[in-house]
Amino acid sequence: MSASTSAIESVLVENRVFPPSEATVKAARISGIEGYNALCAEAEKDFEGFWSRLAKTNVVWNKPFTRTLDESNAPFYKWFDDGELNASANCLDKHIGTPTENKVAVIFEADDGKVTKTTYKELLARVSQFANALKADGIRKGDRVLVYMPMTLEGVIAMQACARIGATHSVVFGGFSAKALQERIIDAGAVAVITSNYQMRGGKELPLKSIVDEGIAMGGCESIKTVYVYQRTQTACNMVAGRDKTFDEALAGQSTDCAPVPVGAEHPLFILYTSGSTGKPKGVQHSTGGYLLWAKLTMDWTFDLKPEDVFWCTADIGWITGHTYVAYGPLAAGATQIIFEGVPTFPNAGRFWQMIERHKCTIFYTAPTAIRSLIKAAEADAAVHPDRSDLSSLRILGSVGEPINPEAWMWYYKNVGHEKCPIVDTFWQTETGGHMMSPMPGATPLVPGSCTLPLPGIMAAIVDESGNEMPNGSGGILVVKRPWPSMIRTIWNDPDRFKKSYFPDELKGYYLAGDGAVRSADRGYFRITGRIDDVLNVSGHRMGTMEIESALVAKSDLVAEAAVVGRPDDLTGEAICAFVVLKRSRPEGDEAKAIAKELRDWVAKEIGPIAKPKDIRFGENLPKTRSGKIMRRLLRSLAKGESITQDTSTLENPAILDQLGQAY
Ligand code: PRX
């Protein structure tokens, strides 16, 4: 946690304030800062009463709960735990018999531009039919099912079908490697994989099924009984007799009616693996009741969702944002949403803006990295500038996944929102299940680069290393003082790691987010300054430095030692920099370039292309103290290209620093 001091140093003064317009305040669900304050006051006054009221009014229960919060085994909190519900029924069945049943639930736009629309009623039938197919193969409540799918409607159907029968899904992003897949199958003890022959991205057909085959062939995956293959493209793929079936085969003869299986509120809806500060990804386990409540409620609060809205979250279902704000939240809230298969730059970098115009999108939610790359593209080519599209349907913009720099915020506000759309900068994490801090569009004055204030009921604070609260105007460690319904329940198979990672003894039982933050002196607004642990955020994708280090040293014929740090990058937020000691002499020039490429390809195979180091530097050793500890602060300076002005007197081998100057 020592890096929290850097959070304190980087206090940035941002004076621009953008209050919501009178019309926005008037029309909003949570109206004015008074509306926000009233909810916060209710939560302060009667914490359990507040959550109980919201859970009763926002979730359909098969069996009502009588206990709101059980803290007897903290930090293994239980919410609404004697209640029963089904997540899929809360997203689909509840709309049947209401005007929403014939509303379009999903506008799907494929990579090649083909558009398909699916109503709530149709979606329910498709989910039910797939749920029956899973049941027919013996998949039951509590079984784990791995989902490795492209960004298609079928991915959401797979997740909803699991939820419908009480199976716990674990979605793995389609960019992860065979090895990553194998590790997750083993850790989760999955009984089935739902995948696709290929995925289409940017006009290219990329394999998925062959990666599943490769992962399973690596061994230890005997728990897998069935592999379901969605035929996204016409190209044939390998099918293993007795194990693999196409969607068509699985669905043949299955009824489109399937009664949802009620589960306890604490039943694990899903496990989602994310990077932590050790080499092994953590299986973040989420509940059904508390998670669903927050997915639905934040749609209403953060996005001020109205029945006529067309909501678009651009995140992939392989990440938490795609879980909460594609697969569950919009459906639970009865929204019409856009699901996009492709990439923002194909066939050109105006794709997002053209899609907003085509589908009359009203709420657009994306990541700062996407915004930054589209700014660059628009500046280089006027033909893909947002001005070329009619964006007048938009009323709310959102940002997620990484800090948004004030310049990108202003561009988004002016060029996409035309200075009339509030930007909700939503701070949250895989572990939090849903938004933690965000403006409410009709209530909170906006400050560029700030996620402003915690949502009502979220008791966020900034503390020092002993858990003492810091006054406004200063920075420190971001914590949440009280549990909340959608919080992580445990790390799958590793409750000790859960306790140690998120509830360290010195922090008085507070939830440790792993980020540094500062609060402004005037408004008490929060600004996230970045991770205080060994986690990097590259294009909004979370990567553990130790995970990449382990991958590098796993190339044991070549690599003796590796250290990975992040450095700021204008486009991707952070970039991955690896310092490598080889088992042979230190390479230079073309040879170094060739080895750097070999190592990047290796990391892509071990973890996935998103983990490829941008810079690789070779040394005969790494800078170490006399006790043998790698001096990471020096590595961070080198990675940034800074000259070393720090005290190097404790350094065992100062000559190494010169060798590490060149990045390949
Ligand atoms: O560092 C914070 C950053 O992303 C981390 C969580 O990453 P992940 O679990 O992959 O979830 C990303 C999508 C919710 C956080 O610890 N982060 C997320 N949102 C923001 C952010 N940093 C600054 N501002 C945000 N709005």
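Among the residues examined, ASP533 does not qualify as acidic (Asp, Glu) and touching a Lys or Arg at 6+ places or on another chain (Cβ under 9 Å).
Among the residues of segment 417-438, those identified as hydrophobic (A, V, I, L, M, F, W, C), part of a loop (DSSP other than H, G, I, E, B) and more than 8 Å from the ligand (Cβ to nearest atom) are CYS421, MET436. So is GLY442 within 16 Å of the ligand (Cβ to nearest atom) and of a type outside the set (S, T, N, Q) or not? When the stated conditions are applied, GLY442 does not pass them. Number of residues in segment 525-545 that are at positive phi and either near the ligand (Cβ under 8 Å from one of its atoms) or at pLDDT 95 or above (or both) equals 2.
In segment 89-103, the residues that are over 20 Å from LEU293 (Cβ atoms) and without any contact (Cβ under 8 Å) to a residue 40 or more places away in the chain form Cβ pairs under 8 Å with partners that are open to solvent by less than 40 Å² (accessible area, probe 1.4 Å) and outside any helix (DSSP H, G or I), at six or more places apart or across chains, as follows: GLU101/THR119; ASN102/THR119. Listed by first and then second residue, the pairs linking a residue in segment 364-375 that is in a helix (DSSP H, G or I) and small (Gly, Ala, Ser) to a residue that is within 13 Å of the ligand (Cβ to nearest atom) and at pLDDT 95 or above, with Cβ atoms under 8 Å apart and 6 or more places separating them unless they lie on different chains, are ALA370/THR314.
Residues in segment 315-332 that are within 10 Å of the ligand (Cβ to nearest atom), open to solvent by 10 Å² or more (accessible area, probe 1.4 Å) and either more than 14 Å from GLY434 (Cβ to Cβ) or of a type outside the set (Gly, Ala, Ser) (or both): 3 in all.
The number of residues in segment 236-271 that are free of Cβ contacts under 8 Å to residues at least 60 places away in the same chain and either open to solvent by 60 Å² or more (accessible area, probe 1.4 Å) or closer than 26 Å to THR490 by Cβ (or both) comes to 10. The set of residues in segment 275-314 being polar (S, T, N, Q), at pLDDT 95 or above and either within 15 Å of the ligand (Cβ to nearest atom) or on the phi > 0 side of the Ramachandran plot (or both) consists of GLN285, THR298, THR302, THR314.
Tell me yes or no: at least one residue of segment 342-353 is open to solvent by less than 10 Å² (accessible area, probe 1.4 Å) and either of a type in the set (A, V, I, L, M) or within 16 Å of the ligand (Cβ to nearest atom) (or both). Among the residues of segment 342-353, not one is open to solvent by less than 10 Å² (accessible area, probe 1.4 Å) and either of a type in the set (A, V, I, L, M) or within 16 Å of the ligand (Cβ to nearest atom) (or both), which makes the answer no. Here is a check on your reading of the model: is ILE477 farther than 30 Å from PRO20 by Cβ, open to solvent by less than 10 Å² (accessible area, probe 1.4 Å) and in a strand (DSSP E or B)? Against the criterion (farther than 30 Å from PRO20 by Cβ, open to solvent by less than 10 Å² (accessible area, probe 1.4 Å) and in a strand (DSSP E or B)), ILE477 qualifies.
Being part of a helix (DSSP H, G or I) and surrounded by 22 or more Cβ atoms within 10 Å (Cβ to Cβ) is true for just one of ILE576, ILE548. Which residue is that? Unique residue meeting the criteria: ILE548. Looking only at segment 617-664, which residues are under 24 Å from GLU598 (Cα atoms) and among the polar types (S, T, N, Q)? Within segment 617-664, ASN621, GLN659, GLN662 meet the criteria.
Checking LEU134, LEU124, LEU146 one by one, the residue that is in contact with a Leu (Cβ under 6 Å, 6 or more places away or on another chain), at negative phi and surrounded by 22 or more Cβ atoms within 10 Å (Cβ to Cβ) is LEU124 and no other.
Per this entry, LYS280 is not counted among residues that are among the charged types (D, E, K, R), assigned to a helix (DSSP H, G or I) and within 18 Å of the chain's Cα centre (by Cα).
Considering ASP601, ASP557, the condition of being over 15 Å from ARG632 (Cα atoms), in a helix (DSSP H, G or I) and more than 16 Å from the ligand (Cβ to nearest atom) is satisfied by ASP601 alone. Out of ILE194, ILE186, ILE216, ILE211, one residue alone is closer than 21 Å to GLY608 by Cα, open to solvent by 10 Å² or more (accessible area, probe 1.4 Å), in contact (Cβ under 8 Å) with a residue 40 or more places away in the chain and outside any loop (DSSP other than H, G, I, E, B). It is ILE211. Here MET543 passes the criteria (1) more than 18 Å from ARG617 (Cα to Cα); (2) open to solvent by 20 Å² or more (accessible area, probe 1.4 Å) except the one numbered (2). Note on segment 462-474: among residues that are outside any loop (DSSP other than H, G, I, E, B) and touching a Leu at 6+ places or on another chain (Cβ under 8 Å), the one that is farthest from the ligand (Cβ to nearest atom) is VAL463.
The rows are residues; the columns are (1) under 36 Å from the mean Cα position of the chain (by Cα); (2) open to solvent by 40 Å² or more (accessible area, probe 1.4 Å); (3) modelled with pLDDT of 90 or more.
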position	(1), (2), (3)
SER585	no, yes, yes
GLY589	no, no, yes
ALA596	yes, no, yes
PRO613	yes, no, yes
ASN653	no, no, no
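Per the listing SER438, SER373, SER389, the residue uniquely crowded, with 19+ Cβ neighbours inside 10 Å and polar (S, T, N, Q) is SER438.
The values are calculated or read from the model by the stated rules, or taken from the named source; none is laboratory data. Treat the numbers as computed from the prediction; the structure is a model and nothing was measured. All Cβ positions, glycine included, derive from the backbone under ideal geometry; neighbour counts span all protein chains shown. To get the accessible areas, we keep the full protein, side chains included, count just its heavy atoms, and leave off ligands, DNA and RNA. Shrake-Rupley method; radii C 1.70, N 1.55, O 1.52, S 1.80 Å.
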